[in-house]
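Take this structure, written in structure tokens, and hold onto it; I'll ask about it next.
The values are calculated or read from the model by the stated rules, or taken from the named source; none is laboratory data. Since this is a predicted model, take the numbers as computed values, not measurements. Quick note on the areas: whole protein, heavy atoms, side chains included, nothing else; ligands and nucleic acids left out. Shrake-Rupley method; radii C 1.70, N 1.55, O 1.52, S 1.80 Å.
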Amino acid sequence: MIADRLRALRKEHGLSKRALVSKLPLNYSTYANYESGFREPNSEVLQILAKHFGVSLDYLLGVSENRRKADEIAITNEKEDDHIKKYRQLDTHGREVVDIILEKEMERVSFLSTRNDAVKNIDDKWILLKVYTQRVSAELATYLKDVNDYEEMRFVATQVSERADFCVRIESDSMEPKICDGDIVFVKIVPKVEPDNVGIFVYDGETHCKRLRIDHHRGTVTLESLNKAFAPKQIARPENLHTVGLVIGIAE
């Protein structure tokens, strides 16, 4: 039953086995044995899996069909009841507006939680990294060569910060709510950023922290902001678009 539940939950989340174990402190063969039924996870691993999928241990073990944890099952209070009644009185447009706001707030809270998890200190170690400023006028060499136009800062050593080659201080709110004006992002030098990922790019002498979009059917390249107030930047001359690196996290 555990194997069936794990397989079903993984597929519900749209993950392959390798994609799932990359998010967990487990190796591929061990998890594959759980799904095949050749091994059963111990209590510690069960807790990890239940937390990851957001289900109760009883559900994961197959002894209950109720996915919710006991501490999540509560009677709504008077204020919550009032909100529900008001929501049901709204027309279709009103409900859509509330749904959009709620979804955005959940995304923000979820991101902040992930952001805090990413900065857990590794044995109280610290690392020094160069911090460049996102400049309106910049050359690719500014970030990839040993120039003096940077400050050196100390960061908590985490799995994210230790993978970074340098940092960039963002001077724009175009990537809100995930990356805010003034945030320092960790950057990993890569030859290219895969589509749909956020990177640091230099185009026609300007630095951009954007999400890369490539439409192979139309043959277009676009740098996209997360903040909908900013229009996507169409890249008319892809040969002039240079990759600085992949954004792999945000410094606290």
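So how much slack lies between GLU162 and LYS11, counting 0.36 nm per residue of separation and subtracting their Cα-Cα distance, in nm?
Once the chain is fully extended between GLU162 and LYS11, it gains 51.2 nm.
Hey, what do the phi angles of segment 228-239 turn into as Karplus ³J(HN,Hα) couplings, whole Hz, using 6.51/-1.76/1.60 and θ = phi - 60°, x for Gly and Pro?
5, 6, 9, 6, x, 9, 6, 8, 6, 10, x, 5
Now for a different question. Here is the link list: LYS130/LYS210; LYS188/LYS210; LYS51/LYS85. Which ones come out longer than 25 Å on Cα distance?
LYS51/LYS85
Report the full-extension gain for the segment ASN227 to ASN197: residue separation times 0.36 nm, less the Cα-Cα distance, to one decimal in nm.
Once the chain is fully extended between ASN227 and ASN197, it gains 9.3 nm.
For LYS23 and GLU105 in one chain, what is 0.36 nm times their gap in residues minus the Cα-Cα distance, to one decimal in nm?
27.2 nm
Kindly write out, for segment 31-38 in residue order, the coupling ³J(HN,Hα) from the Karplus curve 6.51 cos²θ - 1.76 cosθ + 1.60 (θ = phi - 60°), rounded to whole Hz, with x marking Gly and Pro.
The phi angles translate into 5, 4, 5, 5, 5, 7, x, 6 Hz.
What list of ³J(HN,Hα) couplings, whole Hz, do you get for segment 3-10 from phi and the Karplus terms 6.51, -1.76, 1.60, once you set θ to phi - 60° and write x for glycine and proline?
4, 5, 5, 4, 5, 5, 5, 4
Keeping all protein chains in place, calculate the accessible area per residue for segment 1-61 (probe 1.4 angstrom), answer in Å².
Per residue, segment 1-61 has an accessible area of 57 Å².
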